[in-house]
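Undergrad: One structure, as structure tokens, below. Some questions next.
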Amino acid sequence: MQDRFTFEYAVIRIVPKVEREEFFNVGVILFCKRKKFIGIKYFINPEKLMAFNPDADITVFEDYLNAWKIICDGSPTSGKIGAMELSDRFRWLSACRSTIIQSSKTHPGLTDDPEKTLEELYTHYVL
């Protein structure tokens, strides 16, 4: 059990029309404190987006999610949020929102490889 570490994750979803409260999963964000890991993986299916909202501009959603990735990576272009501790970045990104990009409640788990677990969760919830 010592080679496994606790992690938290949230599923990222797009809400093309917030007033209709319909959404679909596009990604996963995962945080593992002991491994000093925060990662995000996402993909927006254009056909699915158009089925939910034919007027949606996919580049808007891609820009938002790219900003999330920049924050996860701690890039200097991510501003004050990207400079925060990993746990604070994760909490900020996974906080409850009522916007066009939301995340699920956070869920815990155990892993020995956060990157592999991120890929598995992404495959399970998004693909």
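Just so it is clear, none of the values below were taken in a lab; they were calculated from the coordinates. Everything numeric here is computed off the predicted structure, so don't read it as measured data. Positions of Cβ are backbone-derived with ideal geometry, glycine not excepted, and every protein chain shown enters the neighbour counts.
Undergrad: Mind checking which pairs have a first residue in region 105-127 that is assigned to a helix (DSSP H, G or I) and a second that is hydroxyl-bearing (Ser, Thr, Tyr) and surrounded by 12 or more Cβ atoms within 10 Å (Cβ to Cβ), Cβ under 6 Å, 6 or more apart or different chains?
TA: Here the result reads Thr117/Thr111; Leu121/Tyr9, each pair linking region 105-127 to a residue that is hydroxyl-bearing (Ser, Thr, Tyr) and surrounded by 12 or more Cβ atoms within 10 Å (Cβ to Cβ).
Undergrad: Please count how many residues of region 71-89 are among the polar types (S, T, N, Q), under 17 Å from Phe37 (Cβ atoms) and free of Cβ contacts under 8 Å to residues at least 12 places away in the same chain.
TA: Looking only at that region, the number is 2.
Undergrad: Under the condition of being in contact with a helix residue (DSSP H, G or I) (Cβ under 9 Å, 6 or more places away or on another chain) and either surrounded by 15 or more Cβ atoms within 10 Å (Cβ to Cβ) or aromatic (Phe, Trp, Tyr) (or both), which residue from region 87-101 is nearest to Asn25 (Cα to Cα)? Show your work before the answer.
TA: Of the residues in region 87-101, the ones in contact with a helix residue (DSSP H, G or I) (Cβ under 9 Å, 6 or more places away or on another chain) are 88-90, 92-93, 98-101.
If we keep only those that are either surrounded by 15 or more Cβ atoms within 10 Å (Cβ to Cβ) or aromatic (Phe, Trp, Tyr) (or both) as well, we get 89-90, 92-93, 100-101.
Values: Arg89: 21, Phe90: 18, Trp92: 19, Leu93: 15, Ile100: 12, Ile101: 10 Å.
Restricting to residues being in contact with a helix residue (DSSP H, G or I) (Cβ under 9 Å, 6 or more places away or on another chain) and either surrounded by 15 or more Cβ atoms within 10 Å (Cβ to Cβ) or aromatic (Phe, Trp, Tyr) (or both), the top hit is Ile101.
Undergrad: Which of the residues spanning region 2-43 are surrounded by fewer than 19 Cβ atoms within 10 Å (Cβ to Cβ), on the phi < 0 side of the Ramachandran plot and assigned to a loop (DSSP other than H, G, I, E, B)?
TA: If the condition is that a residue be surrounded by fewer than 19 Cβ atoms within 10 Å (Cβ to Cβ), on the phi < 0 side of the Ramachandran plot and assigned to a loop (DSSP other than H, G, I, E, B), then Gln2, Asp3, Arg4, Lys17, Glu22, Lys33, Arg34, Lys35, Phe43 are the ones that fit.
Undergrad: Considering (1) exposed (fewer than 13 other Cβ atoms within 10 Å of the Cβ); (2) under 25 Å from Leu110 (Cα atoms), say which one Cys72 fails and leave the rest.
TA: Condition (1) is where Cys72 drops out.
Undergrad: Quickly run through region 44-70 and pick out the residues that are free of Cβ contacts under 8 Å to residues at least 24 places away in the same chain and either in a loop (DSSP other than H, G, I, E, B) or touching a His at 6+ places or on another chain (Cβ under 8 Å) (or both).
TA: Passing the criteria: Asn45, Pro54, Asp55, Asp57.
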